[in-house]
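Bear in mind these aren't lab numbers, they're just calculated from the coordinates by the rules spelled out. Quantities reported herein were computed from a predicted structural model and do not represent experimental measurements. Glycine also receives a Cβ, built like all others from the backbone with ideal geometry; neighbour counts cover every protein chain displayed.
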Amino acid sequence: MHIVSKKHIKYAVVDAFTDRPFKGNPAAVCLLEAGHKKEEEWFLGIAREFNAPITCYLTRVLCDDDDNDDNCDECEYGNEFNPVFNIRWFTTVAEVDICGHATMAAAQFLFTSSLVKSNQIRFIGLSGSLTAKKCPARKSDQDMLDGSKILSNGIQGEEDNRCRDPEDFFIELDFPTTTLVECDPLEIPSIPQTLNGASVLNIKKTAAFGDLIIEVSSGQNVIDLKPNYDELKGWTGGRGVVFTGRALDGSGLDFISRLFSPNLGVDEDAVCGSAHCALAPYWSKKLGKSDFLAYMASPRGRVLDLHLDKEIQRLKIRGKAFVVMKGALLA
């Protein structure tokens, strides 16, 4: 039988916001050739095949100016010293406008595969220009990863040091913040089982994506949520429902959150970077600060290191990622 030769598409599966496998948030990353054109169903089909929370697709944007200096930092189209990639993000059911953990996963794949010769990558997606920067580890970073100094209120630290990523660098994402607006009470679904007795202090929604942001009375209430996905599917205004609460004093954390997106095929997002583009400004007003340690309390949850630049309304999200597997896709 004659087998038709197909082009190999490089891919990796990467766990983001962790320095070890099977923690944090997994994403599949596919590197496409320039000019690769497929229908949306093809992208969704690959995403379903990986069955990760997000599959992202990268296409290098190359400079077409023969006179351009390879070392030019201002090149609009990018080159190997100033890498620029188009990026698209898909769940198993839909394309999404932005995704933090998959962008971090994409940067980790590119940095560790010698596909770029720079410590910074620019991504262009539906939410505009995003950057990922390779940064040296700081003295306090390992405590942030382990949670060893923030054990309290049901948060579990990690004692197992096996299989850690030996490359000691962090990735800093630069994302736009998200504006919060008032939410019409008639829009809010009834979610008593999910709340599990927690008191609601405030409800907002994101202007850009329609995510519902619900503040409950404490971070422990967030940890104790009992998600009823039939209830949560009642929110059809955006990507999902974010619950957040202030962390216990002395825990080393600022706030705790969980995100549920059953309408997008992701029942609970393990660690969501983009949700913090709304959460950081929200908590900045309440706590009067711009630097945060935020914990996502999913079963694979991790800590996010955040810095909010209020003047330009950008958020820096710092973390690590671990490449779990690499291969070639025939499709």
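Quick rundown of the values:
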{"read-out": "Debye log10 I(q)/I(0) at q = 0.10, 0.11, 0.14, 0.18 Å⁻¹ for the range 229-331, Cα point scatterers", "value": "-0.34, -0.41, -0.63, -0.92"}
{"read-out": "Calculated from backbone phi, Karplus (6.51, -1.76, 1.60) coupling profile of the range 263-269 in Hz, x at Gly/Pro", "value": "5, 9, x, 10, 4, 10, 7"}
{"read-out": "Using θ = phi - 60° and Karplus 6.51 cos²θ - 1.76 cosθ + 1.60, couplings along the range 21-30 (whole Hz; Gly, Pro as x)", "value": "x, 6, 10, x, 10, x, 9, 9, 10, 10"}
{"read-out": "Vicinal HN-Hα couplings computed from phi for the range 236-253 (Karplus, 6.51 cos²θ - 1.76 cosθ + 1.60; Hz; Gly/Pro x)", "value": "10, x, x, 5, x, 10, 9, 10, 8, x, 5, 6, 5, 4, x, 6, x, 9"}
{"read-out": "Taking the range 219-292 and dividing mean pair separation by its residue count, relative contact order in percent (alpha carbons under 8 Å, at least six apart)", "value": "26 percent"}
{"read-out": "Euclidean distance of C-alpha centroids, the range 113-142 and the range 308-331, integer Å", "value": "7 Å"}
{"read-out": "Size descriptor, Kirkwood hydrodynamic radius, that averages inverse alpha-carbon separations across the range 212-264, Å", "value": "11.6 Å"}
{"read-out": "Ala208 long-range amide H proximity, modeled H, under 5 Å", "value": "Thr179"}
{"read-out": "Within the range 256-302, trypsin sites (Lys or Arg not before Pro) in DSSP loop having at most 15 other beta-carbon neighbours inside 10 Å", "value": "Lys289"}
{"read-out": "Cross-link pairs beyond the 23 Å C-alpha cut-off, checked among Lys134/Lys285; Lys285/Lys316; Lys37/Lys320", "value": "Lys134/Lys285; Lys37/Lys320"}
